[in-house]
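Note sheet for the following structure.
The values are calculated or read from the model by the stated rules, or taken from the named source; none is laboratory data. This structure is a prediction, so every number in the text was calculated from the model and none was measured. For neighbour counting, all protein chains shown are included, and Cβ atoms are generated from backbone atoms with ideal geometry for every residue, glycine included.
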Amino acid sequence: MRNLPPYVQLLKLRIEDGDHGPLVVMPFHDDVVGRPGYLHGGAIAGLLEFAAFTALGRELGDEGVVMKPITVTVDYMRGGTARETFAAAIIERLGPASPTSKPLPGRRSAHDRLRVRGSISCSIAAISSR
């Protein structure tokens, strides 16, 4: 198991098994507050990025791979509120060109609405064990 990046530890992210792959959960706490009662946009972007990397890592199934974001796009549709926030990602393309994943926020009930969507393109490099 890899060491998690410091921002993942700060955001207190955890991974659960979702219906269609890993679901990344971010609890609401003081370190993710933007304006009072709302999530900071950077915390949301970090959640989406980690969801994309988690899905891509599971798809590749290789611990010797390093992933680096090339392009990250986040569309904020409404403010994230004071509750647990969920994200999952769908790998849209994986091949010789840069893989693309689309992080999609997870929903627990029919009352939840899409709050943010994004996409990320990554560079992947294998690490030699020398």
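Please specify each residue of the stretch 27-45 satisfying the condition of being in contact (Cβ under 8 Å) with a residue 60 or more places away in the chain and of a type in the set (Gly, Ala, Ser). If you could, list the steps in order and put the result at the bottom.
Initially, the stretch 27-45 is screened for residues in contact (Cβ under 8 Å) with a residue 60 or more places away in the chain, giving 44-45.
Residue satisfying the conditions is Ala45 alone.
Restrict the check to the stretch 63-72 and report whether at least one residue is modelled with pLDDT under 75 and assigned to a loop (DSSP other than H, G, I, E, B). If you could, list the steps in order and put the result at the bottom.
Initial filter on the stretch 63-72 (modelled with pLDDT under 75): 63-64.
Going one step further and asking which of them are assigned to a loop (DSSP other than H, G, I, E, B), we end up with 63-64.
So far as the stretch 63-72 goes, yes, one or more of its residues are modelled with pLDDT under 75 and assigned to a loop (DSSP other than H, G, I, E, B).
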For this session: Please list, ordered by first then second residue, the pairs with beta carbon atoms under 7 Å, 6 or more apart or interchain, first in the stretch 58-72 and touching a residue at least 12 places away in the same chain (Cβ under 8 Å), second in a loop (DSSP other than H, G, I, E, B) and loosely packed, with under 12 Cβ neighbours inside 10 Å.
Result: Glu63/Arg2; Gly64/Ile127; Gly64/Ser129; Val66/Ile127
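If you take the residues in the stretch 6-26 that are outside any helix (DSSP H, G or I) and in contact (Cβ under 8 Å) with a residue 40 or more places away in the chain, which one is surrounded by the most Cβ atoms within 10 Å (Cβ to Cβ)? Walk me through how you get there before you give the answer.
Our first condition is that a residue be outside any helix (DSSP H, G or I); within the stretch 6-26, this holds for 12-26.
Going one step further and asking which of them are in contact (Cβ under 8 Å) with a residue 40 or more places away in the chain, we end up with 18, 20-26.
Details: Gly18: 14, His20: 12, Gly21: 15, Pro22: 18, Leu23: 21, Val24: 29, Val25: 18, Met26: 24.
Result: Val24.
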For this session: Would you confirm whether any residue within the stretch 106-113 is at pLDDT below 85, surrounded by 11 or more Cβ atoms within 10 Å (Cβ to Cβ), of a type in the set (A, V, I, L, M) and over 15 Å from Met26 (Cα atoms)?
Result: no
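From Arg58, Arg78, grab the single residue that is at pLDDT below 90 and touching a Lys or Arg at 6+ places or on another chain (Cβ under 6 Å). Steps first, answer last, please.
Working: Arg58 fails: touching a Lys or Arg at 6+ places or on another chain (Cβ under 6 Å).
When all the criteria are applied, what remains is Arg78.
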